[in-house]
Amino acid sequence: MITDEQRQAAADAILKAETDRKPIVQPSKTYPDLDIEDAYRIQALWAQSRVSRGARIVGHKIGLTSRAMQMASKMTEPDYGVILDDALYNDGAQIKADLFIKPRLEVELAFIMGEDLEGTGTRIYDVMRATEFIVPALEIIDYRTEVPRAITDTIADNAAFGAIVVGGRVVRPMDIDIRWVGATLSKNGIIEESGVSAAIMGHPAAGVAWLVNKLHAVGGGLKKGQIVLAGSFTRPVDIVKGDVIQADYGPVGSIGVSFV
């Protein structure tokens, strides 16, 4: 464990990396005693700084929930971060590539909460009951630190969250079997990745249930109206300025964005 002063210094360094678009040395290297509790505290301090500058927390993201993502990141457990309103885009957006350091895209589903959800022992059916809508989403991930990264580095860096894009068809959670929502991700007309949402812990709502239980441990929960990114069911795809992205979710629609 590290001191409160070191936690604040790490949060400030990540914020500076985000502002300057230059990655910093991994916090786990700067502070060898850094543990997971420290990492989540650093994340919270970073988020407080962003909120003090005018951003608003509108939800949460879950990372590393699928085997594909765990293999890609060489990690073995999920993590979570916050979603900020100034990083929320709609289908058809033109996104400035230079807002990020080394952006990559993931295919996900977003849960829109219809009621508060908190407490221990949360199950898939609790999540489904509390969810008002589910929509296709893309997550842009970005690293504000150098690689390779320990799980503590990823957590401190807001679970690598960069931005979210939502679009496609809005569905109620019981309208379809969300385990079998599939998608292809195309870059400049070429399919780069494909997957099915059951890859997320067997059911995408399982990741949300995991999140609720983790948030309860630190005195939190999900609030009505919040967005929850349930985790990627494809490996990340690198993107650069000029790329045009199309994610096709079949019966639940598609999302298209371009990077300028």
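Nothing in this text is a laboratory measurement; each read-out follows from the coordinates by a stated rule. Owing to the predicted nature of the structure, the values given are computational and were not obtained by experimental measurement. Cβ placement follows ideal geometry from the backbone for every residue including glycine, while neighbour counts extend to all protein chains displayed.
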Using only the alpha carbons, work out the radius of gyration and Dmax of the chain in angstrom. 17.2, 51
First measure r as the distance between the Cβ atoms of W180 and K224, then evaluate 1/(1 + (r/R0)^6) with R0 = 25 Å and state the FRET efficiency to the nearest 0.05. 0.35
Identify, among L45, V240, S28, the residue whose Cα sits farthest towards the positive end of the charge dipole of the chain, taking +1 on the Cβ of Lys and Arg and -1 on the Cβ of Asp and Glu, with the dipole about the Cα centre. V240
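Only helical DSSP H runs with n ≥ 4 go in: add -39500 (n - 2.57) per run for the chain, normalise by residue count and round the 222 nm mean residue ellipticity to 500 deg cm²/dmol.
That calculation yields -8000 deg cm²/dmol at 222 nm.
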Order by protection proxy (mean Cβ within 10 Å, highest first), peptides 29-40, 231-242: 231-242, 29-40
Provide the FRET efficiency to the nearest 0.05 for the T120-R172 pair, computing r from the beta carbons and using R0 = 25 Å. 0.40
Which of K22/K223; K61/K187; K22/K96; K102/K224; K96/K187 have a Cα-Cα distance over 26 Å? K22/K223; K102/K224
Please say if segment 87-189 is rounded, prolate or oblate, where rounded means a/c under 1.5 for a ≥ b ≥ c the square roots of the C-alpha gyration tensor eigenvalues, and otherwise the choice is prolate for a/b larger than b/c and oblate otherwise? oblate
May I ask you to evaluate 6.51 cos²θ - 1.76 cosθ + 1.60, the Karplus curve with θ = phi - 60°, for each residue of segment 235-240 and list the ³J(HN,Hα) values in order in whole Hz, giving x for glycine and proline? 6, x, 10, 5, 9, 9
DSSP beta bridges in the chain, what fraction antiparallel, as a percent rounded to 5? 85 percent
Computed over segment 156-256, the convex hull of the Cα set has an average projected area, in nm², of 7.6 nm²
Translational D (Stokes-Einstein, µm²/s) of segment 1-128 at 25 °C and 0.890 mPa s when Rh comes from the Kirkwood sum over C-alpha pairs? 144 µm²/s
